[in-house]
Protein chains: 4
Amino acid sequence: MKLPLKGIVPPVITPLINNDTLDVKGLEKLVEHLISGGVHGLFMLGTTGEATSLSYELRKELIKRTSELVAHRIPVVVGITDTSLEGSLEIAEYSASVGLDGVVIAPPYYLPISQDEMKEYLEVIVPKLPLPFLMYDMPGCTKIHMSVGTIRRAKELGAIGVKDSSGDINYLYSLIQEFKDSPDFSIIAGTELFLPETILYGGHGAVAGGANLFPKLFVDLYNASVEQDIEKIRVLREQMIMINDLIYNVGKHTSKYIKGIKCALSVMDICDDYVAWPIRRYGKEERGKIKQYMDTLNEIIN
Amino acid sequence: MKLPLKGIVPPVITPLINNDTLDVKGLEKLVEHLISGGVHGLFMLGTTGEATSLSYELRKELIKRTSELVAHRIPVVVGITDTSLEGSLEIAEYSASVGLDGVVIAPPYYLPISQDEMKEYLEVIVPKLPLPFLMYDMPGCTKIHMSVGTIRRAKELGAIGVKDSSGDINYLYSLIQEFKDSPDFSIIAGTELFLPETILYGGHGAVAGGANLFPKLFVDLYNASVEQDIEKIRVLREQMIMINDLIYNVGKHTSKYIKGIKCALSVMDICDDYVAWPIRRYGKEERGKIKQYMDTLNEIIN
Amino acid sequence: MKLPLKGIVPPVITPLINNDTLDVKGLEKLVEHLISGGVHGLFMLGTTGEATSLSYELRKELIKRTSELVAHRIPVVVGITDTSLEGSLEIAEYSASVGLDGVVIAPPYYLPISQDEMKEYLEVIVPKLPLPFLMYDMPGCTKIHMSVGTIRRAKELGAIGVKDSSGDINYLYSLIQEFKDSPDFSIIAGTELFLPETILYGGHGAVAGGANLFPKLFVDLYNASVEQDIEKIRVLREQMIMINDLIYNVGKHTSKYIKGIKCALSVMDICDDYVAWPIRRYGKEERGKIKQYMDTLNEIIN
Amino acid sequence: MKLPLKGIVPPVITPLINNDTLDVKGLEKLVEHLISGGVHGLFMLGTTGEATSLSYELRKELIKRTSELVAHRIPVVVGITDTSLEGSLEIAEYSASVGLDGVVIAPPYYLPISQDEMKEYLEVIVPKLPLPFLMYDMPGCTKIHMSVGTIRRAKELGAIGVKDSSGDINYLYSLIQEFKDSPDFSIIAGTELFLPETILYGGHGAVAGGANLFPKLFVDLYNASVEQDIEKIRVLREQMIMINDLIYNVGKHTSKYIKGIKCALSVMDICDDYVAWPIRRYGKEERGKIKQYMDTLNEIIN
């Protein structure tokens, strides 16, 4: 994997036909859509990828096919988050065996654990990992907001970066401060709205869910941020906010973010919009709204 | 399974030698300890049983061996909580295949879901279950505190009871009120301290972690509550509080509850005290304290 | 004040005609209603009494008139909660000057403070208090859930009891455990539903909002609890739960509890239902519901 | 008051000699320090100004003396946050009577209220206000995070701006989006770290606590942000972060922010460091640290 990981790394959704079946053709179209949009890497099996809702067979099939489809054109990293150590290692080893580039670790997420317990967990799992790894802070799903100290310990153990999906910009800024003398340690925003700030202040990129839909927009915004072109940032950022306001906001449950992206990709004729249990895809009415919003966005976004 | 499930149903810890290996002999001793203590049923693979930290092979081995050891002397129910529908069904089917009596469902616990999503999830999973099922409210680990309405829907779909581990006694009282005209629907306290209140006001039993250590004490307290013997309740309740104050309170992390019980069982020479990742067993110093506290408790508890 | 404070001590609502004007006649009727119902004391200017919404003049008028009306028939304690030390002392001194019996201290509630800061605050305010004092734990309004250690410190400084309105029964039970060897230190439940448990396990009474409406019911439930008459407790407790379910549950805001009690008192023709800003009294529709519910309750409650 | 309010508006600390006595000379020095540092306005009696801890006499004395000292050189706004409507109006009227420019409203903060109740409260208080008003979102102290809809309602009723101290940058960005077509409605960051983002994306200023110490630094950072000078922003922002890391971080309680600023001002020989109850000023050890940190900062900050 080309280090440091930087730029736009979409948390790729997992195209499904039903709870057991990958949408193989959809995955192929999606991968080409993303690569032709200029993204710098792919993050498979994250929260947006519904990793924890999928059986192990399905996760492995996704990993294998993605590896074949990407064929090393860009780096691919894979989420190995699990509640069982054995489960995490199984996915890590499989990812290595099919030639992928790295793995992403979030804390085991059933039992609430402390910072000390997370550090000890890293000490036992890291030596068993066959690939480089990034850390993934996602307290909304894992319950623990990893401290800067825990990330520092992960770096000592070999971590090559951190993705922050806490939504807490002060934490993101603290990470940038903490590691400013280690420019190869990737600080990646998991909240796409923080992409410009992340780059302007010294971070490296964003795992942007919206890049599943509009990869080029996010790549352009990344480039404008690198170039400190404030006027261009303002224009592109407005478009990004529109995606957030329209596509991630239909209905009322937290799951609307995943449902919105999958539905929009289906409207774009890229892949099926099936969502794995415990979440259900949108019904006809919500799909109608997403279709209309995508028309609006397609007119505005270049 | 004899309905309604009632009385003392310990959330049985999973005796381990290491992260991959069941402490088979320990399991045997533990099962006999519990049955000879008079407990009314066993709950395997709950939070106390570290279900989510174990590989599927290990979970299945535990289920099979427990079934053989118990040999239908008392009912055994099994937690099938998982983030993937397929995973939950796999454990449910295996439990049925080895002759166990029921399963226990908690919400999928990675993605935060709504009450509506939980109800829809029940509608899809329940028809596939091969065994009777209870609901399990455990918001500290699953993030969702199931509403009384969600439990009512579960009952309509066939649930035979609910275990409440929310720690929220008003919720427990609401469940008792809601289902007071359905005496066969088991209301089980998951917070052992609420055992007397639960029984005095119309509930059915308790999934009491401390019953791993002192099964007879909890059975006696259950009986005193059924008999409304307030003086006896007071005496036994004081002893239960001592267990809580001493054994669940060594060290500072949430995991001290599981570590304390496993360590005490090891001190009692019943089974190994290994705890699965991401938690580690107590070190020498904490073990010394637990040993001393068990001496104190053994003198007091009959 | 007769020590220890025990039994039913209603958190008396403040009858108002408008934001500036006490409903003097209503106060008189309310005080007689409560005393003739057998309550053991009165708690003025608590959360239910809307203390913080009232001007200082109004608070003082309420204190003075209550003192005159009660005329030492039962003890009266007064909440002095304020964000400013001077404000708290002003109310305390005024309460002493008109012959009331004690004051009730909750933490200053704007700036979030720590347990240590609360202890230091007690050390400065207690020596200036002209009357005996109780502590008042109300984290939903004050943000700090006072630890058992903080209450212990208050007791060392002279506190004669504690009222727990945290809704956290484990905390209430911890207080009872902690002070079981000090039978003169009053442990008072602020959550009326916990009245029987409090008394059965060694506490002293309840500050029960519902006693504004049905003082005799709460006094009877207190007596049944003292006598350990479980059957009687069950019957009266069901009635108490009905009050909670019906009267405190109209509309959707937290303020419905205060609005419900005031509206019901108005329906009973005891006092006006005006509620001080930032809360507004019920409109016609909600009042209709309360009226109907009171008819139901009056048929059932003796 | 010159509209819109913009630029650096420090939340001025209240210099005290003890709990009852203003540090009059300190106030004079502080006001001159701030005005000569170039700040664009003053915000008295905010959270940093310990408004709620002060008696009404003291608040009024502060207001009067500040008005005399500033003598209309820059606009001065005054926090009127109180739990009682009468209290808020008393301060508002007094502020108008001594010639100040505006008031700042936060929600009544004892009883938890809903968005609807906050809107109704605004409808009753706004017509009684003698001065222009800004809204103040401070959920950490008031418990309610005012929705964008509530702020929109405030604007309809006449609000001239909003100060956001929620620490939630997404909320701040939502406010900027919502009111982007009303350039005279001031969007003011209450979290000083968000100053550059606020200005770059269309907001108007910051209520920056650190400007009590280093007014010129914040004014320079504001100007660099207006000029979109990213390199200059980076340099000055690093200095601002140092203030946060060093001065607001001594000790462990939330109050360390106020104590740190007051202690540093005392080290600068501007005013006394007394902090009103329930908070205590730093002891000798912490003061030593602040002194040392101020030496460091004075070397770096121009």
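The values are calculated or read from the model by the stated rules, or taken from the named source; none is laboratory data. The shown structure was predicted, so the numbers you read here are calculated from the model rather than taken from an experiment. As a convention, Cβ positions derive from the backbone with ideal geometry for all residues, glycine included, and neighbour counts pool all protein chains shown. These accessible areas exclude ligands, DNA and RNA; they are computed on the full protein's heavy atoms, side chains included. Shrake-Rupley method; radii C 1.70, N 1.55, O 1.52, S 1.80 Å.
I'm told residue B:229 meets every condition in (1) of a type in the set (D, E, K, R); (2) crowded, with 21+ Cβ neighbours inside 10 Å; (3) more than 14 Å from chain A (Cβ to nearest Cβ) except one. Can you identify the failing condition by its number?
(2)
Looking only at segment B:119-128, which residues are free of Cβ contacts under 8 Å to residues at least 24 places away in the same chain and more than 9 Å from chain A (Cβ to nearest Cβ)?
B:127
Which of the residues that make up segment C:195-213 are surrounded by fewer than 24 Cβ atoms within 10 Å (Cβ to Cβ) and among the hydrophobic types (A, V, I, L, M, F, W, C)?
C:200
Looking at segment B:111-118, can you tell me whether even one residue there is within 14 Å of chain A (Cβ to nearest Cβ), among the hydroxyl-bearing types (Ser, Thr, Tyr), open to solvent by 10 Å² or more (accessible area, probe 1.4 Å) and without any contact (Cβ under 8 Å) to a residue 40 or more places away in the chain? Break it down stepwise before answering.
Filtering segment B:111-118 down to residues within 14 Å of chain A (Cβ to nearest Cβ) leaves B:111-118.
Then keep just the ones that are among the hydroxyl-bearing types (Ser, Thr, Tyr); that gives B:114.
In the following step, the residues that additionally are open to solvent by 10 Å² or more (accessible area, probe 1.4 Å) were identified as B:114.
Remaining after also requiring without any contact (Cβ under 8 Å) to a residue 40 or more places away in the chain: B:114.
Within segment B:111-118, one or more residues are within 14 Å of chain A (Cβ to nearest Cβ), among the hydroxyl-bearing types (Ser, Thr, Tyr), open to solvent by 10 Å² or more (accessible area, probe 1.4 Å) and without any contact (Cβ under 8 Å) to a residue 40 or more places away in the chain.
Restricting attention to segment C:1-25, which residues are among the polar types (S, T, N, Q), in a strand (DSSP E or B) and surrounded by 20 or more Cβ atoms within 10 Å (Cβ to Cβ)?
First, pick out the residues of segment C:1-25 that are among the polar types (S, T, N, Q): C:14, C:18-19, C:21.
Subsequent filtering for residues that are in a strand (DSSP E or B) retains C:18, C:21.
Across segment C:1-25, there are no qualifying residues.
Can you confirm whether residue D:272 is touching a Gly at 6+ places or on another chain (Cβ under 6 Å), open to solvent by 10 Å² or more (accessible area, probe 1.4 Å), acidic (Asp, Glu) and more than 14 Å from every other protein chain (Cβ to nearest Cβ)?
On the way: touching a Gly at 6+ places or on another chain (Cβ under 6 Å): yes; open to solvent by 10 Å² or more (accessible area, probe 1.4 Å): yes; acidic (Asp, Glu): yes; more than 14 Å from every other protein chain (Cβ to nearest Cβ): yes.
Taking the combined requirement at face value, the residue satisfies it.
Open to solvent by 70 Å² or more (accessible area, probe 1.4 Å) and in contact with a Phe, Trp or Tyr (Cβ under 9 Å, 6 or more places away or on another chain), is that true of residue D:259?
The answer is no for residue D:259.
Looking at segment B:171-189, which of the residues that are of a type in the set (Gly, Ala, Ser) and free of Cβ contacts under 8 Å to residues at least 60 places away in the same chain is surrounded by the fewest Cβ atoms within 10 Å (Cβ to Cβ)? So that I can check it myself, show each step before the final result.
Initial filter on segment B:171-189 (of a type in the set (Gly, Ala, Ser)): B:174, B:182, B:186, B:189.
Next, only the ones that are free of Cβ contacts under 8 Å to residues at least 60 places away in the same chain stay: B:174, B:182, B:189.
On the way: B:174: 17, B:182: 12, B:189: 25.
Restricting to residues being of a type in the set (Gly, Ala, Ser) and free of Cβ contacts under 8 Å to residues at least 60 places away in the same chain, the top hit is B:182.
Would you tally the residues in segment B:119-170 being open to solvent by 10 Å² or more (accessible area, probe 1.4 Å) and among the acidic types (Asp, Glu)?
Within segment B:119-170, residues that are open to solvent by 10 Å² or more (accessible area, probe 1.4 Å) and among the acidic types (Asp, Glu) number 4.
If residue A:253 meets every condition in (1) over 27 Å from residue A:28 (Cα atoms); (2) free of Cβ contacts under 8 Å to residues at least 40 places away in the same chain; (3) away from chain B (no Cβ under 14 Å) apart from one, which number is that one?
Here residue A:253 clears every test but (3).
Taking the options A:257, A:222, A:274, name whichever one is touching a strand residue (DSSP E or B) at 6+ places or on another chain (Cβ under 8 Å) and part of a helix (DSSP H, G or I).
After ruling out the rest, the residue left standing is A:222.
Does segment C:66-81 hold any residues that are in contact with a Leu (Cβ under 6 Å, 6 or more places away or on another chain) and either closer than 17 Å to residue C:141 by Cα or within 14 Å of chain D (Cβ to nearest Cβ) (or both), and which are they?
Within segment C:66-81, the first condition is being in contact with a Leu (Cβ under 6 Å, 6 or more places away or on another chain), and the residues that meet it are C:67, C:76, C:78-79.
Listed by number, the list holds a single entry, C:79.
Which one is nearest to residue B:83 (Cα to Cα) among residues in segment B:129-147 that are within 14 Å of chain A (Cβ to nearest Cβ) and out of contact with any helix residue (DSSP H, G or I) (no Cβ under 9 Å at 6 or more places or on another chain)?
It comes out as B:142.
How about segment B:289-302: which of its residues are open to solvent by 40 Å² or more (accessible area, probe 1.4 Å), not acidic (Asp, Glu) and not in a loop (DSSP other than H, G, I, E, B)?
B:289, B:291, B:292, B:293, B:296, B:298, B:300, listed by residue number.
Among the numbered criteria (1) under 21 Å from residue D:149 (Cβ atoms); (2) surrounded by 23 or more Cβ atoms within 10 Å (Cβ to Cβ), which one does residue D:221 miss?
Status for residue D:221: all satisfied but (1).
Given the conditions (1) over 20 Å from residue C:4 (Cα atoms); (2) assigned to a helix (DSSP H, G or I); (3) within 16 Å of the chain's Cα centre (by Cα), which single one is not true for residue C:166?
So residue C:166 meets the others, but not (2).
Being open to solvent by 10 Å² or more (accessible area, probe 1.4 Å) and either in contact (Cβ under 8 Å) with a residue 24 or more places away in the chain or of a type in the set (A, V, I, L, M, F, W, C) (or both) is true for just one of B:66, B:47. Which residue is that?
Details: B:66 fails: open to solvent by 10 Å² or more (accessible area, probe 1.4 Å).
Answer to the selection: B:47.
Name the residues in segment D:37-65 that are over 24 Å from residue D:7 (Cα atoms) and either part of a loop (DSSP other than H, G, I, E, B) or at the interface with another protein chain (Cβ under 9 Å from one of its Cβ atoms) (or both), would you?
Once the filter is applied, which keeps residues that are over 24 Å from residue D:7 (Cα atoms) and either part of a loop (DSSP other than H, G, I, E, B) or at the interface with another protein chain (Cβ under 9 Å from one of its Cβ atoms) (or both), segment D:37-65 yields D:52, D:53, D:54, D:55, D:56, D:57, D:58.
Could you please give the count of residues in segment C:110-139 that are in a helix (DSSP H, G or I) and under 24 Å from residue D:258 (Cα atoms)?
Looking only at segment C:110-139, we keep the residues that are in a helix (DSSP H, G or I), and these are C:115-128, C:139.
Then keep just the ones that are under 24 Å from residue D:258 (Cα atoms); that gives C:115-125, C:139.
Of the residues in that region, 12 qualify.
I need the full set of residues from segment C:69-103 which are in a loop (DSSP other than H, G, I, E, B) and either on the phi > 0 side of the Ramachandran plot or open to solvent by 40 Å² or more (accessible area, probe 1.4 Å) (or both), in order please. Spell out the reasoning first.
Initially, segment C:69-103 is screened for residues in a loop (DSSP other than H, G, I, E, B), giving C:71-75, C:80-84, C:98-101.
Those that are in a loop (DSSP other than H, G, I, E, B) and either on the phi > 0 side of the Ramachandran plot or open to solvent by 40 Å² or more (accessible area, probe 1.4 Å) (or both): C:71, C:72, C:73, C:99.
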